[in-house]
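Trainee: First the structure, then my questions, so here it is.
Every read-out reported here was derived from the displayed coordinates using simple, explicitly stated rules and does not represent laboratory data. Computed from a prediction, not measured in an experiment: that's the story for all the values here. Neighbour counts run over all protein chains shown; Cβ positions are idealised from the backbone, glycine included.
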Amino acid sequence: MRIAMFGAPGTGKGTQAEKLVGTFSVPQISTGDLLRAAVAEGSELGRKAKAAMDAGELVADEVVIEMIRERLAQPDAQDGFILDGFPRSIKQAESLDVMLERLEQPLEQVIHLEVEDEEIVQRLLSRGRDDDSEEVIRNRLQVFSNQTQPLINYYEDQGKLVSVDGTGDMQAIYDRIVKALDR
Ligand code: AMP
């Protein structure tokens with residue numbers, strides 16, 4: 001299984017990716033988690049990423065692309081993976097395609113979780129993470145619509161996009177995703 005979870009912040013990508021890991025035994029690869037770990041470690045990469053993360057902006061493409069390149073080379077990613085929060089820009093998607101083509105392991109499907117903006121704001125405010133102030137949340141949504149939303153057409157053109165209703169209870173959403181997976 002080689003898939004990516006796609007959706008605005010707060011649509012539940014991470015939660016659903018985690019559930020899929022339990023069923024399909026492939027690793028969840030979350031650039032958000034990798035970046036938070038780098039920040040916590042205080043590595044150079046973490047220092048570079050922190051300002052962008054605090055402001056709800058995207059971390060530079062080169063930084064996350066390199067991070068993904070290294071992560072995909074790990075042994076546990078050789079039989080598949082669930083990308084969570086990557087790619088988030090056309091540049092990232094194109095680089096990923098090149099990387100995976102070289103490995104003859106193309107992405108199979110992109111699961112697009114659809115949730116209305118106002119519901120997202122409410123969900124994120126109740127999550128209470130450091131970068132979850134209302135101002136930063138609104139900025140993340142703006143960044144999503146400017147830089148990440150174009151990926152909908154990108155993957156639609158490749159015939160890989162699968163849109164799933166991301167509202168309702170967690171199990172219902174999960175069942176919709178599994179049903180939508182082409183396997
Ligand atoms: P997330 O946990 O996916 O919501 O990510 C938290 C923050 O990490 C985002 O608001 C971005 O600042 C940064 N981030 C995560 N993934 C990416 C990515 N693929 N490209 C750029 N920045 C990212």
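Trainee: Among residues other than residue 31 whose Cβ falls under 9 Å from its Cβ, what is the net charge (Lys/Arg +1, Asp/Glu -1)?
Mentor: Residues near residue 31 contribute 0 overall.
Trainee: Hey, if you drop one equal point scatterer on each alpha-carbon of the stretch 81-183 and run the Debye formula without solvent, what base-10 log of I(q)/I(0) do you get at q = 0.10, 0.14, 0.18 Å⁻¹?
Mentor: -0.33, -0.65, -1.03
Trainee: Turning to a different aspect of this structure: Return the single residue from 75, 27, 150 with maximal mean-square fluctuation; model: Gaussian network over the chain, springs between Cα atoms under 10 Å.
Mentor: Greatest mean-square fluctuation among the candidates belongs to 75.
Trainee: Can you give the net charge of the other residues whose Cβ lies under 15 Å from the Cβ of residue 56, counting K and R as +1 and D and E as -1?
Mentor: In short, -1.
Trainee: Just from its helices, what would the mean residue ellipticity at 222 nm be for the chain, if runs of 4 or more DSSP H residues each count -39500 (n - 2.57) and the sum is divided by every residue, rounded to the nearest 500 deg cm²/dmol?
Mentor: -16500 deg cm²/dmol
Trainee: Under a 10 Å cutoff between Cα atoms, tell me which one of 38, 93, 73 has the largest fluctuation in the Gaussian network model of the chain.
Mentor: Per the Cα network of the chain with a 10 Å cutoff, 73 tops the list.
Trainee: What dipole magnitude, in Debye to the nearest 20, does the stretch 2-181 give about its Cα centre under +1 on Lys/Arg Cβ and -1 on Asp/Glu Cβ?
Mentor: 220
Trainee: Please find the FRET efficiency linking residue 66 to residue 117, where r is the Cβ-Cβ separation and R0 is fixed at 25 Å, and quote it to the nearest 0.05.
Mentor: For residue 66 and residue 117, the calculated efficiency is 0.20.
Trainee: Something else: Using Cα positions and a limit of under 20 Å, work out the lysines in reach of residue 91, with same-chain residues fewer than 8 apart set aside.
Mentor: 48, 160
Trainee: With the Cα gyration tensor of the stretch 138-183 giving a ≥ b ≥ c as the square roots of its eigenvalues, does the rule (a/c under 1.5 for rounded; else a/b larger than b/c for prolate; else oblate) give rounded, prolate or oblate?
Mentor: It is oblate, given that a/c is not under 1.5 and a/b is not larger than b/c.
Trainee: So, one more: Shape call for the stretch 31-98 from the C-alpha gyration tensor, a ≥ b ≥ c root eigenvalues: rounded (a/c under 1.5), prolate (a/b greater than b/c) or oblate?
Mentor: Note, shape of the stretch 31-98 comes out oblate.
Trainee: Next question. Hey, if you drop one equal point scatterer on each alpha-carbon of the chain and run the Debye formula without solvent, what base-10 log of I(q)/I(0) do you get at q = 0.16, 0.17 Å⁻¹?
Mentor: Reported log10 I(q)/I(0), two decimals: -1.02, -1.17.
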